[in-house]
Each structure stands twice: as structure tokens, then as C-alpha cells.
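Quick notes on the structure that follows.
The values are calculated or read from the model by the stated rules, or taken from the named source; none is laboratory data. In this text, all values refer to a predicted model and were calculated from it rather than measured experimentally. Counting neighbours? That spans all protein chains shown, and the Cβs are built from the backbone with ideal geometry, glycine included.
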Amino acid sequence: MTTHINSRPALIEALDNTSTRRTTPVGGGDLVWRIWGSGSPLLLLHGGTGSWMHWMRNIEDLSRDYTLLVPDIPGSGESASPHLPTNVEKVAVALLAGIDVILGPERRFAVAAFSMGGLVSGYVAKLAGERVTTLVLVGAVGTTARRPEIAPMKSWRRLSTDEAKCEAHRTNLSILMVHDPKAIDEPALYMQFNNAERSRVRGKHINPTGDLSQTLPGFKGRLASIWGEHDATAGPYLFERREKLEQFKPGATFDVISGAGHWVQYEAPDAFNRLLRERLKD
């Protein structure tokens, strides 16, 4: 498949054109937010080396019933980097300050957070306290459960052509993000190409020690998690994550979507959207 990497796919173009763009301060620059829809506020946090585009197959559906607040986490996408040295709590502070500007400092909201965003969301929830009504972790890191060996990612930075870089990104998406290679379509490749080019703060730079055991115990809202059956970040230890989350928050729900990989909300969007709505119900 030929990918015109400098031309945005129609899905991404349409979503961006229908969003309301807001900025709030971070690190001497702007933290960029995109907002869609109306209804109860729902914060969507993307994963590492990501951007708002991690949610591109979910936004249209969810925006029918929720006001979606979708930032580029500081150091990713279009958002400025936080002042270094930093840590995940400082990133969460900047996000919550932005939420206060956009929603007001008393407004309650729910959170769905993917991968590295799950770790960040724990700190947002800890800082926001009872304002967070429901936290849904999606393929989250930071559970303290065992991680499997994952094949090395293919290096792309020194490749000389966009075509070669795209093939490297296709390989990396198949290793880490999706189970079915057919899910690696033009929007997915465009997303990965652009997110990787723009990412400036890696997880290891903001998360030397933090994990969800430091933030979820004592959380007053509802805790849920959604996983792909074939999540490469969990492997044979997927259900250890259920045990850990139950320890952090007794009664936490744990759902697995069959046939999907780590990027479950993209690979199985219809099943994911239905399940997320169920977990967000009052």
C-alpha cells in the first residue's frame, strides 16, 4: 500500500476540522487541546509517542454523548515540552490546570486513558480527587504486573526516505500496537509517522519510578480497565493486571476484547465504544 504521508487521511482531516482547539500553558509554551461534542466531560489521554490521533476511531461516536477533551500530552504531538527535568506528576499538574481553565475548577469529569496515558491518568485522578467520577484504563502501563519480552522496535530515524520510514512504522505497529496486520491502514500509518516525528519526551524521561500503586489506592471514583486479548505489553501476564487493579481498587472491572491487540480502541472500535459507554454509565 502506498501511503501519501504528507497528505492527511480524510478521517483525520474531518475530525480535526470539526474540533474546537484550545491552548493552556505548559513549559513556556502551549498545551494543545481538541474538544468535540456536548454532554458530560470525558478526558481522553493518549499513549506514549502519541497524540489525540490515538482516539481517531472513537471520537465521532463518543462525541454524540460526551464533551471530549483530548489533549496532546506535554512533549507529544503539538504540545510544548514540560520544563526538564520533569516527572509524570508534573505532566499531570499541567493537564489538570488545563482542565480547570476549560471546565472550571469544580467541574467533575470522567477519564479514559490509553497505555502510558493510563499512568498519567492515575496522577490526574490523585490530584483531582473526587472530581474524577470514573477512570477507565485502556491497555495501561504502570500496573506493576509482569511484562513480557517484546521484539525490538525497528529503527527509523536514520532512514533516508518516507517510504522506508513508513515500512519501519508498519513493522513497529505490528509488533506493539495491533494484532491483525490488516488494521494497519493509511490513517494508522500517518498517525504513527507523525507522532513519532513529533514526540520529544519519552516515557523513560518522565517515569523513572512511578506506577499506579502510588495513585490508585484511595481513589474514590469507579475504576475500570479494557484490554485487547492479544495486548503485546501484557502477553501471558494479562490477568495479573486484573489482580493488581483489584488490589488497588476492590471492585474494579476488567474487560477483554477478543481478537484485538494493545491499541484496542482502534483495532476494535465498535466493541470498544460500546464497552466504554457501559463503564461510564452512572
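Here the helices (runs of 4 or more DSSP H) wholly within the stretch 212-282 that include at least 1 residues being more than 15 Å from S115 (Cβ to Cβ) are 238-248, 269-280. Screening P152 on (1) over 19 Å from the mean Cα position of the chain (by Cα); (2) part of a helix (DSSP H, G or I) shows it passes everything except condition (2).
Would the stretch 98-119 turn up any residue that is under 17 Å from R279 (Cα atoms) and surrounded by fewer than 18 Cβ atoms within 10 Å (Cβ to Cβ)? Yes; the residues of the stretch 98-119 include at least one that is under 17 Å from R279 (Cα atoms) and surrounded by fewer than 18 Cβ atoms within 10 Å (Cβ to Cβ). Right, Y190: at pLDDT 95 or above, within 24 Å of G77 (Cα to Cα) and either part of a helix (DSSP H, G or I) or touching a Phe, Trp or Tyr at 6+ places or on another chain (Cβ under 7 Å) (or both) or not? So Y190 passes the test.
The residues on offer are S76, S7, and the sole one that is free of Cβ contacts under 8 Å to residues at least 12 places away in the same chain and assigned to a loop (DSSP other than H, G, I, E, B) is S7. For the stretch 145-158, a tally of residues being surrounded by 15 or more Cβ atoms within 10 Å (Cβ to Cβ) and over 23 Å from A260 (Cβ atoms) returns 1.
Candidates L238, L223: the one that is surrounded by 15 or more Cβ atoms within 10 Å (Cβ to Cβ), at pLDDT 95 or above and touching a Ser or Thr at 6+ places or on another chain (Cβ under 9 Å) is L223. Among the criteria (1) buried (at least 21 other Cβ atoms within 10 Å of the Cβ); (2) modelled with pLDDT of 95 or more; (3) in contact with a Leu (Cβ under 9 Å, 6 or more places away or on another chain), the one L127 does not fulfil is (1). If you go through the stretch 117-175 and pick out every residue that is among the β-branched types (V, I, T), without any contact (Cβ under 8 Å) to a residue 60 or more places away in the chain and closer than 16 Å to A234 by Cβ, you end up with 1.
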